[in-house]
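Inspection log for the structure reproduced underneath, given as C-alpha cells.
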Amino acid sequence: MDTAQSTEERMTERRTSLQLCAGAGGLALGLEWAGFDPVLLVEKRPVACESLRLNRPGWDVREMDLLDFDPVEHQQSYDVDLLAAGLPRVQASATVHRRRGSQLELELIEATILLMHGVQPRAVLIENVPDLVTKDAFAPIRAFIDRELEHLGYRYKWSVVNAADYGVPQDRKQGLLVAFKESVIDAFTEPPRKLDPPTTVGALLEESMASRGWSGASAWAAQANRIAPTLVGGSWERGGADLGPTGTKAAWARMGVDGGTVADDVPGADFEWRPAEGRRGMVPLTVEQAALLQGFPPDWQFAGRKTARYRQVAHASPPPVGEAVGRAVRRALDAC
C-alpha cells in the first residue's frame, strides 16, 4: 500500500480500463461513473460504435471483432487497471448442438481470457448470463478460465447479481466474473445492495408518458406499480423490435403495456388506454423509455433506426450495475 497518499487522495484518481465488446456503452458508462476511463473500446457493430462516438467523442473506439484484437498492435492497452467485457450472451441449449451460435460466444470468452497474457490488467470484469456461473453445461469453460487465471497469477470470484438490487427498475440477473492479480482479491467485497427498493415502471415513466398531453398517464402509472421484467433484445439478424418472448409480453400486458412492439413516440392527447381490449388498447414503450428502464441517463443517445436502437438498449449492461461493481473493484485496487 502507498502510504504517501491518503485514501481520499487515491480515491479521487482516475483509473484506466480496456473495454471489450463495448456495445452502446452501458458497462463503460457505469465504469466511468466509478472512476475508470477507457484507453480503448473494442466493438464490432458499426451502429454501436456510432453510439459510443455520439456520446463520448473523446473515447478511442475501434470497430473490430474481438477475435481480431491483438494487444501488440494496441499497446495503450498494456497494464490497464481493469479489463472489462460485456460479452455476447451464451445459451446452454445451443452449446452442444451448434458450431456457431453460443459456440462463438464461448470462443469470445476464451479470447478475452487469453488476451490477459498480453494486457496484464490489474483487475478483470466479465459480464454475461447467470447460467455461465451456475449451470453444469458451462463447467468446461469455467474450468478453462480457472486454469488460465491460475497460470497467470490471478484469483477470482463468480457471482450472480440482479440489477434491481442496484436501483434499476428491472428484474435482470447477470453473471459476473471478477479477478485480480494475486492477493488483491482479499480486499474485494461485492457491492452492497441499495437499501431502498427500485422505483416502479409507472413512477419512472409517468412524466414521459404524459409529455404529449395524454391525460391517462397517471392512471396507467398507478397500476404499472412494479419493476419491469428483463428487457430482451432478440437476434440482430432477424425480427423487429419487441420487449421479449411470450412470458415477458404477458408480464408487460399485466401493466397495460404492449410488449409486441416498440413505439416511435409516446401517446398523444387523443390516445385511449383500454388494456382489456388487448394490444390495440395498450400503450407501447419507446426506445428512450426502454433506456430509462435500463438505467441509462436521458441524454445518452443511440444511433441507427428504431430496431437497431432498441437492440442496443436491450443488449446493454445497465450502467448502475457497472458503477456499483466498478466501485467495488476500485476499493479493492485502492486498498493495495
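Checked against (1) touching a Lys or Arg at 6+ places or on another chain (Cβ under 8 Å); (2) assigned to a helix (DSSP H, G or I), ALA179 meets all criteria but (2). For ASP265, the conditions (1) surrounded by 13 or more Cβ atoms within 10 Å (Cβ to Cβ); (2) in contact with a strand residue (DSSP E or B) (Cβ under 9 Å, 6 or more places away or on another chain); (3) not aliphatic (A, V, I, L, M) are fulfilled apart from (1). Can we say ARG311 is modelled with pLDDT of 95 or more, crowded, with 21+ Cβ neighbours inside 10 Å, part of a helix (DSSP H, G or I) and not β-branched (Val, Ile, Thr)? Yes. Scanning segment 214-238 for residues that are exposed (fewer than 14 other Cβ atoms within 10 Å of the Cβ), in contact (Cβ under 8 Å) with a residue 12 or more places away in the chain and assigned to a loop (DSSP other than H, G, I, E, B) returns SER215, ASN225.
If you check PRO130 against the conditions, is it touching a residue at least 40 places away in the same chain (Cβ under 8 Å), under 22 Å from VAL329 (Cα atoms) and surrounded by fewer than 18 Cβ atoms within 10 Å (Cβ to Cβ)? Taking the combined requirement at face value, the residue satisfies it. If you go through segment 101-153 and keep only what is charged (D, E, K, R) and out of contact with any Ser or Thr (no Cβ under 8 Å at 6 or more places or on another chain), you end up with GLU105, GLU107, GLU110, ARG122, ASP131, LYS135, ASP136, ARG142, ASP146, ARG147, GLU148, GLU150.
Here's the yes/no breakdown for (1) out of contact with any Phe, Trp or Tyr (no Cβ under 6 Å at 6 or more places or on another chain); (2) among the acidic types (Asp, Glu); (3) at pLDDT 95 or above; (4) in the same structural domain as PRO191 (by TED's automatic domain parsing):
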{"site": "THR16", "(1), (2), (3), (4)": "yes, no, yes, yes"}
{"site": "VAL42", "(1), (2), (3), (4)": "no, no, yes, yes"}
{"site": "CYS49", "(1), (2), (3), (4)": "yes, no, yes, yes"}
{"site": "TRP59", "(1), (2), (3), (4)": "yes, no, yes, yes"}
{"site": "ALA85", "(1), (2), (3), (4)": "yes, no, yes, yes"}
{"site": "ALA111", "(1), (2), (3), (4)": "yes, no, no, yes"}
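Residue count for segment 67-87 satisfying the condition of being crowded, with 20+ Cβ neighbours inside 10 Å and either farther than 19 Å from GLY326 by Cα or of a type in the set (Ser, Thr, Tyr) (or both): 2.
Among the residues of segment 164-187, those that are over 20 Å from VAL232 (Cβ atoms) and buried (at least 21 other Cβ atoms within 10 Å of the Cβ) comprise LEU177, VAL178, ALA179, PHE180.
The values are calculated or read from the model by the stated rules, or taken from the named source; none is laboratory data. Everything quoted here is computed from the prediction, not taken from an experiment. Cβ coordinates were reconstructed from backbone atoms using ideal geometry, including for glycine residues, and neighbour counts include every protein chain displayed.
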